[in-house]
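Worksheet for the structure shown next.
The values are calculated or read from the model by the stated rules, or taken from the named source; none is laboratory data. A quick note: this is a predicted structure, and the numbers were derived from the prediction, not measured. All Cβ positions, glycine included, derive from the backbone under ideal geometry; neighbour counts span all protein chains shown.
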Amino acid sequence: MSYVLGLTGSIATGKSTVAQIFHDYGYPVVDADALARQVVAPGSEGLARIKQTFGPSVIQPDGSLDRHALGRIVFSDPAQRRKLDQLNGGLIRDAIQAELDRYKAADAPLIVLDIPLLFEGGYYLPMVDGVLVAYVPPALEKTRLMARDGMTAAAADVRIAAQEPIDEKRARADFWTDNSGPLSALKPQVDAILKQLGLDPKLRNEE
């Protein structure tokens, strides 16, 4: 039976780095963000819904979604975020479930669901058997976000406030990694989690 591990964190806490380690070890990673992008690809039903609801200002000249423009709307207003989820949340959840089912049918021992908002909506928790949080202290999270995206401190605060605080996520998790150090310090933490799940990354690499 497959074990589905929900991998989450907050913005700029290094979740993608943890996901890459699992991928490098040979375990399937279902990327919720990638599936969400497919749902709003040019010509899709999802993109048409967004344009109708939020207007043409969130559509780029080439017909694709302007994520920055949409982000400015939804990250500053919880009501607008809820509206966006109501528009396309069902399409995204169906796409995620289809990917999980595909790997379960292949008898994958571990499936990692890489998903930023695992806790926030409550829709995805029933899909997973356990939760891993990629953690950094809040001050470092803000510093990394400002450096990565060229944000002001005020803009970073808005984006961070749109998600559940990282300390609260860590408290709710079954596992967590400290992502404040180098990659060399992160891999042993992932190895330890795999061993807790009865899986050996070294053996997995040899398969």
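A few notes on this one:
- Test: residue in segment 85-93 that is outside the structural domain of Leu140 (by TED's automatic domain parsing), among the aliphatic types (A, V, I, L, M) and within 30 Å of Asn179 (Cα to Cα): yes
- Taking the listed residues Asp107, Asp101, Asp85, Asp94, the one that is among the charged types (D, E, K, R) and either part of a loop (DSSP other than H, G, I, E, B) or on the phi > 0 side of the Ramachandran plot (or both) is Asp107, with no other qualifying.
- Single residue of Asp31, Asp24, Asp77 found to be out of contact with any Asp or Glu (no Cβ under 7 Å at 6 or more places or on another chain) and either assigned by TED's automatic domain parsing to the domain that holds Ala171 or crowded, with 17+ Cβ neighbours inside 10 Å (or both): Asp24
- Gln38 vs. criteria in a helix (DSSP H, G or I) and either without any contact (Cβ under 8 Å) to a residue 12 or more places away in the chain or over 30 Å from Leu183 (Cβ atoms) (or both): no
- Among (1) outside any helix (DSSP H, G or I); (2) of a type in the set (S, T, N, Q); (3) assigned by TED's automatic domain parsing to the domain that holds Ile166 - the single one Ser16 does not satisfy: (1)
- Members of segment 61-72 that are in a loop (DSSP other than H, G, I, E, B) and more than 12 Å from Val40 (Cβ to Cβ): Pro61, Asp62
- The residue list Ala162, Ala156, Ala134, Ala192 contains one member that is assigned by TED's automatic domain parsing to the domain that holds Leu7, in contact with a Ser or Thr (Cβ under 6 Å, 6 or more places away or on another chain) and either surrounded by fewer than 19 Cβ atoms within 10 Å (Cβ to Cβ) or of a type in the set (Gly, Ala, Ser) (or both), which is Ala134.
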